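Below you'll find the structure, written out as structure tokens, and then a few comments.
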Amino acid sequence: MRFHYKNDEEMGIRNNIIIRLMLDLGLRCSEIPNIMLSDIKWANALIQIHSTKNNHVRQLPLSAELGKLLEEYILRYRPSVPDEKYLLLRKYVNRYTSMSRENVRYVIRNAFEKEHIIGYWKGTHALRRTAASKIFNNGTGLKLTADILGHESLDSTKAYIKVDFEHLKAVRLLFQDAESMFQRDEGRKRSFRKGKKSIEVWDLSGFEIDHSPNKLRVVRYHESWKEEGKERERWMWLATTLEHADYQILWEIMNRRWDIEENGFHQLKTYYHAKHCYCHTAVEVIFELMMIGFNMRELYLYRRIQKFEGSRISRKSVSRKFCDELLLENMKDVLYEKGG
């Protein structure tokens, strides 16, 4: 379907863009004719969708492949029509004008017919449902899938998606195989301690799963500690393609990621009054700020403090000092002071 029409002519590349917008982003056929040239945010690789069913404007990511297709169409094939703001055009009598909803439907139905696709779901909504299932089964949560599709109700999204049960079954079998081997004490590694926690480790590689080009490594952690006089424990599982990373480093990555997410959601709730943790745009902004702050601090350490690891100064203390010095007017000199 993605390449049903020819990409070396104006109508062909335009029609393939229509199919990709529906198949990759799950757009409604009524939304596609209303996309304007100004709705493509090239610098951020985003496309803005307005005139939606629920009157909410949403921004969706453009893949490199779809972005290249749009660029090719606009620069080489799209008719040059003065004052025509809409992205996709059709020729009507002797002039070019914007497409209609029915024009979009015809493009899809014609492709279905030529590809000999038959069945009850053979209209434009079949592509939207396919996109919904693909987005969800790629690991996107239900709420984020609903946001991408422009649904206000999660029930509407549930009706669209088709869960890839075969893939879920394969993942379940992967962990079952690993667990049976761990129970025989295969892959047992040396335990380590972090703070009050004692951590046991089982680590095996070479697992295969359908649709994965790489072999997987499965790591199981068992944490135990005392809290308020009671014995506590927690089991953690990890599947990764990182073959050579130390299992202690992988444990650190998992826990640091949780810490960042918890801090981010706490800030959303406390300082930004977010109603729930699915405000993904705000989450992304906060995470980006955290990463920028982390990188700036590490650059500060690299430029300003010699032999930091042996100085016994905590990163928390460095952060406080860093914040104080950033209040100076010569902010850039803090990072780039001559002589380090």
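The values are calculated or read from the model by the stated rules, or taken from the named source; none is laboratory data. On a predicted model such as this, the values are computed, not experimentally measured, just so you know. Don't worry about glycine lacking a Cβ; one is built from the backbone with ideal geometry, like all the others, and counts go over all protein chains shown.
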Search the stretch 165-214 for residues being under 22 Å from GLN248 (Cβ atoms) and of a type in the set (Gly, Ala, Ser), and hand back the single one that is modelled with the lowest pLDDT. GLY195
The stretch 59-99: number of residues that are over 19 Å from LEU27 (Cβ atoms), among the charged types (D, E, K, R) and without any contact (Cβ under 8 Å) to a residue 40 or more places away in the chain: 5
So which of ILE209, ILE199, ILE249 is loosely packed, with under 15 Cβ neighbours inside 10 Å and either of a type in the set (A, V, I, L, M, F, W, C) or touching a residue at least 60 places away in the same chain (Cβ under 8 Å) (or both)? ILE249
Quickly run through the stretch 23-76 and pick out the residues that are out of contact with any helix residue (DSSP H, G or I) (no Cβ under 6 Å at 6 or more places or on another chain), among the hydroxyl-bearing types (Ser, Thr, Tyr) and not in a loop (DSSP other than H, G, I, E, B). SER38
